[in-house]
1. If the requirement is being closer than 28 Å to G176 by Cβ and polar (S, T, N, Q), which of these qualifies: S148, S76?
2. Could you please find all residues in region 75-103 being more than 12 Å from ligand 3 (Cβ to nearest atom) and either surrounded by 20 or more Cβ atoms within 10 Å (Cβ to Cβ) or assigned to a helix (DSSP H, G or I) (or both)?
3. Taking the residues in region 284-303 that are crowded, with 19+ Cβ neighbours inside 10 Å and of a type in the set (A, V, I, L, M, F, W, C) as candidates, determine which candidate is farthest from R367 (Cα to Cα).
4. Mind listing whichever residues of region 377-423 are of a type in the set (K, R) and in contact (Cβ under 8 Å) with a residue 24 or more places away in the chain?
5. Would you check which residues across region 153-164 are without any contact (Cβ under 8 Å) to a residue 60 or more places away in the chain and either assigned by TED's automatic domain parsing to the domain that holds V101 or buried (at least 16 other Cβ atoms within 10 Å of the Cβ) (or both) and list them?
6. Go over the candidates A118, A173 one by one and state the one that is without any contact (Cβ under 8 Å) to a residue 24 or more places away in the chain, within 26 Å of the chain's Cα centre (by Cα) and assigned to a helix (DSSP H, G or I).
7. Select from region 220-236 the residues that are more than 16 Å from ligand 9 (Cβ to nearest atom) and part of a helix (DSSP H, G or I) and write down the one among them that is modelled with the lowest pLDDT.
8. If we scan region 183-201, do we find a residue that is within 16 Å of ligand 7 (Cβ to nearest atom) and either surrounded by 15 or more Cβ atoms within 10 Å (Cβ to Cβ) or small (G, A, S) (or both)?
Amino acid sequence: MRGSVADRCFTVYALAALLPMAPHAGRAQETQDPSCVACHGSLPDDRLATPAKLFPTDIHAQRGFTCVACHGGDASAAGFEAMDPARGFLGRPRGRMLLDVCGRCHSSAEFMRRYNPALRVDQVTEYRSSVHGQRLLQHGDTLVATCSSCHRPHQMRPPSDPQSSVHPVNVAATCGACHADADRMRPYGLPTDQLETYQRSVHWRMLSEEGDLSAPVCNDCHGNHGAAPPGVSWVGNVCGQCHTTMAEKFRDSRHAQTFAMLGVPGCAACHGNHDIQDATVSLLGLDSGAVCANCHAATDGGGLIATGMRGLIDSLETRFDSARHQLERAERAGMEVSRALFQLEGAQNARIAARTAVHSFDLIAVRREVETGLAVSDSGLAAGRRVLKELNFRRTGLAVSVTIIVALIAGVLLKIRQIERRG
Ligand code: HEC
Ligand code: HEC
Ligand code: HEC
Ligand code: HEC
Ligand code: HEC
Ligand code: HEC
Ligand code: HEC
Ligand code: HEC
Ligand code: HEC
């Protein structure tokens, strides 16, 4: 079994020398190469000692692998001959060599199944197709990301571990280590503001402040191993992984085809890419801050419809707010309005549906949602008014009865005094 795995994935170097390091599934191997750890752990040079110290928490150590798994060599030799290239020692695996070192295990479904059948085995294939991989393989460019730039050697952990360099919260910093480094990126003429602008976005805020792990980081939009710029044609698909309804409406709209023809990047044309902010109604229409004004004027079809949509949504927001205001006032005054407040949620839903419908860029679709919301808001407002009127009526009634009672008491007191004086 071990032989057949090896046949498939050992590619470049000495098969015979590497064979003994393929471990049996699940069986701990700590004792197999004490020489590397014993000697390295006691070396005075941090560069050489740190790997031995860090390694015990690495996923590979936890699964029973040793130094030899990636570096080769002879673990049974106690001296420097342990690192004899004739005994399969590879030195520091770097650049394209990593594809073979890591791929030896990670590209073999048969091998990985013994440890974790759910783990993907396409990292090397995907990496080869990425911008990073192509630069490395075609141009020998070693400034691009390789396996060990995103996965810190001797500290590798599953992406679900908060201490992993590829845990969602840490990915931006991992990519940013290069992409925000102006010196490193200069030869490529790429901007270096992605990390900074991303960290201002609603996505980063949801992730880092609200702990919402469903918000995207760099790799959700660019791919983990297939890191590539989302080309204009598939920007909608990238966002549509999560914002499905928005993407469906946009896909069926007039804009979808026109934008593709003009080379305008779909969703990103209106929302940006790294710096995406909370969407508000101020994006809509032709006022300053409205995205429609970038391409439409007050006189063209799109401009007229943009202003129309804005008017509709504004009126819904105004009437919804006044209904809520009225009902909350009644609630503060101690009246029973929970049912009416519950029903008003229907208007809130219509408000959300209207904002989604904007993406069909069809006035009728927006009007349909707005009208539903207006009807619910209006009945909420009416309910609020009715309750407050009732409250007023009760208050007037109370005031009148109190006045009468006070007058009666005063009369009685007066009478008593009269009687006493006479007595
Ligand atoms: C007797 C001590 C000793 C043993 C045993 C030993 N090493 Fe080393 N190792 C060293 C020293 C010293 C260096 C630095 C050599 C140099 O800079 O030329 C080194 C360097 C390395 C390097 C870095 C090479 C580079 O290009 O920078 C790696 C990787 C390494 N050892 C891995 C191993 C592995 C794996 C084993 C076990 C199979 C092992 N070592 C066994 C002492 C040892
Ligand atoms: C899962 C693979 C893997 C395992 C297992 C592993 N290493 Fe490494 N190690 C690497 C990679 C990859 C590099 C190269 C990092 C680079 O050049 O950026 C490296 C680099 C090194 C270096 C050079 C460090 C430097 O900064 O120059 C030493 C020394 C080393 N490893 C020793 C060890 C020792 C000792 C063990 C066992 C305790 C071990 N490694 C286990 C992958 C591994
Ligand atoms: C000797 C085989 C072997 C080699 C070589 C190897 N790995 Fe692994 N790796 C594994 C196994 C087995 C696991 C554990 C999978 C599990 O149990 O989830 C693992 C886990 C991982 C994980 C965590 C994945 C997860 O979700 O559990 C990462 C990341 C990883 N390896 C990256 C690398 C990189 C990068 C290299 C090359 C520097 C490398 N590995 C070399 C066998 C290997
Ligand atoms: C540009 C950065 C980057 C590079 C280069 C990279 N990875 Fe990854 N890798 C990631 C990210 C991010 C994740 C986490 C994915 C997730 O959250 O599911 C990951 C996850 C993994 C996993 C866990 C299983 C999985 O696929 O989700 C393994 C194993 C792995 N990488 C191995 C490798 C190997 C082997 C290489 C080299 C061929 C490599 N990686 C190169 C960023 C990278
Ligand atoms: C070790 C440094 C390094 C790391 C880490 C790194 N990259 Fe890169 N990346 C580069 C370099 C250098 C290029 C330029 C290659 C080119 O354009 O030819 C590049 C190119 C890219 C491109 C293509 C840009 C374009 O339009 O040509 C994308 C997208 C990208 N990286 C995304 C990522 C993501 C996402 C991560 C993290 C998961 C990441 N990178 C991590 C160095 C890195
Ligand atoms: C919400 C999705 C999304 C996230 C998250 C994201 N990007 Fe992008 N990225 C894009 C889009 C869309 C483009 C531009 C594509 C176009 O205009 O054709 C882009 C372009 C790029 C480029 C090409 C150069 C440029 O700036 O136009 C690089 C490099 C890049 N992103 C890296 C990153 C890094 C690093 C991160 C994390 C800090 C990140 N991206 C996070 C969607 C995203
Ligand atoms: C032509 C400009 C434009 C394009 C293209 C566009 N949007 Fe929007 N988007 C808007 C406007 C305007 C709003 C705010 C509507 C409002 O608040 O009334 C908005 C709102 C949103 C919201 C917030 C809605 C809510 O209910 O909270 C999301 C999410 C969103 N868009 C995602 C997308 C996605 C994903 C795409 C691509 C499939 C996309 N948008 C394409 C203009 C656009
Ligand atoms: C991995 C999933 C994911 C991807 C991919 C993604 N988003 Fe988001 N997005 C979210 C989450 C989660 C939120 C925050 C919760 C919410 O408001 O829906 C959010 C929020 C937003 C908002 C603010 C919504 C509001 O209520 O104001 C906009 C606008 C937005 N995303 C647009 C985009 C665009 C454009 C893209 C593509 C370039 C994109 N998103 C890619 C998950 C994603
Ligand atoms: C990047 C430029 C661009 C932006 C931004 C943009 N549009 Fe358009 N829009 C166009 C183009 C170009 C057409 C013409 C399509 C055609 O005639 O097939 C168009 C057509 C339309 C139409 C159809 C007009 C008709 O006569 O039937 C509507 C409606 C529309 N846009 C609404 C909007 C709204 C609302 C916004 C803002 C949320 C917006 N557009 C933002 C470029 C844009």
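1. Among S148, S76, only S148 is closer than 28 Å to G176 by Cβ and polar (S, T, N, Q).
2. Result: A75, F80, E81, A82, M83, P85, A86, R87, G88.
3. The qualifying residue farthest from R367 (Cα to Cα) is C292.
4. The answer is R385, and nothing else.
5. In the first step, residues of region 153-164 are kept if they are without any contact (Cβ under 8 Å) to a residue 60 or more places away in the chain; the result is 159-164.
The one that is without any contact (Cβ under 8 Å) to a residue 60 or more places away in the chain and either assigned by TED's automatic domain parsing to the domain that holds V101 or buried (at least 16 other Cβ atoms within 10 Å of the Cβ) (or both): S164.
6. After applying the criteria, what remains is A173.
7. Once the filter is applied, the top-ranked residue is W234.
8. Yes - at least one qualifying residue is present in region 183-201.
The values are calculated or read from the model by the stated rules, or taken from the named source; none is laboratory data. Predicted model, so just to flag it, every value in this text is computed and none were measured. Cβ atoms come from the backbone with ideal geometry, glycine included; neighbour counts cover every protein chain shown.
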